[in-house]
Every structure is written in structure tokens, then in C-alpha cells.
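Report on one structure; see the data block that follows.
The values are calculated or read from the model by the stated rules, or taken from the named source; none is laboratory data. The structure displayed is predicted, hence computed values, not measured ones. Note: ideal-geometry Cβ built from the backbone for every residue, glycine included; neighbour counts use all protein chains shown. Note: accessible area is taken over every heavy atom of the protein model, side chains too, but ligands, DNA and RNA are not part of it. Shrake-Rupley method; radii C 1.70, N 1.55, O 1.52, S 1.80 Å.
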Amino acid sequence: MLENYTIEIASAIPPPIKLAMCDSINCPVCETNLSDELGIDLQTFVVDDNSVIYCENCGVNITFKIKTF
């Protein structure tokens, strides 16, 4: 079973990155809407390198990696 998943975000802005442009954060494994499930307000939620969200539905840790260019 998959225990870790990394989401890479390409950005011209260095971390932390605000995810206000997203409608939701869904688990890439089971597609659970984590923003609703965990009560994440996407207007204020920020991620940086190695930010982690845990999906209780499938038990996967979702790690964010920011790739600046």
C-alpha cells in the first residue's frame, strides 16, 4: 500500500505558496476532498517544501514540494 505521495508545485514565487487559486485539495490516491474533510480554508492555507497533509481515508501522507524557476 502506498504510504507517501509527493505533489510538486512549479512556481515563480518562492515558498510558502498560497493555494487560494485551488477549488479543493483532493487526495491523489482515493480522491477524498481533504480541504472539506480537514477544514482547510484555501484562501489562507499555505504550503512550503515538505508540508504534509494526512489522508485518514486511505492512510497516505501527502507531501508538497515547491519547484521554483
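Among the residues of segment 57-69, is there at least one that is touching a Pro at 6+ places or on another chain (Cβ under 8 Å), of a type in the set (S, T, N, Q) and touching a residue at least 24 places away in the same chain (Cβ under 8 Å)?
Yes, segment 57-69 has at least one match.
In segment 44-65, which residues are touching a Ser or Thr at 6+ places or on another chain (Cβ under 8 Å), open to solvent by less than 70 Å² (accessible area, probe 1.4 Å) and under 13 Å from S11 (Cβ atoms)?
F64
Any residue in segment 16-35 that is exposed (fewer than 14 other Cβ atoms within 10 Å of the Cβ), in a strand (DSSP E or B) and at pLDDT below 95?
Yes; the residues of segment 16-35 include at least one that is exposed (fewer than 14 other Cβ atoms within 10 Å of the Cβ), in a strand (DSSP E or B) and at pLDDT below 95.
Please go through segment 19-50 and give me each residue that is more than 15 Å from T63 (Cα to Cα) and among the charged types (D, E, K, R), ordered by number.
Selection gives D23, E31, D36, E37, D41.
For segment 1-14, how many residues meet the condition of being open to solvent by less than 90 Å² (accessible area, probe 1.4 Å) and either closer than 17 Å to C58 by Cβ or in contact with a Phe, Trp or Tyr (Cβ under 9 Å, 6 or more places away or on another chain) (or both)?
So the count comes out to 8.
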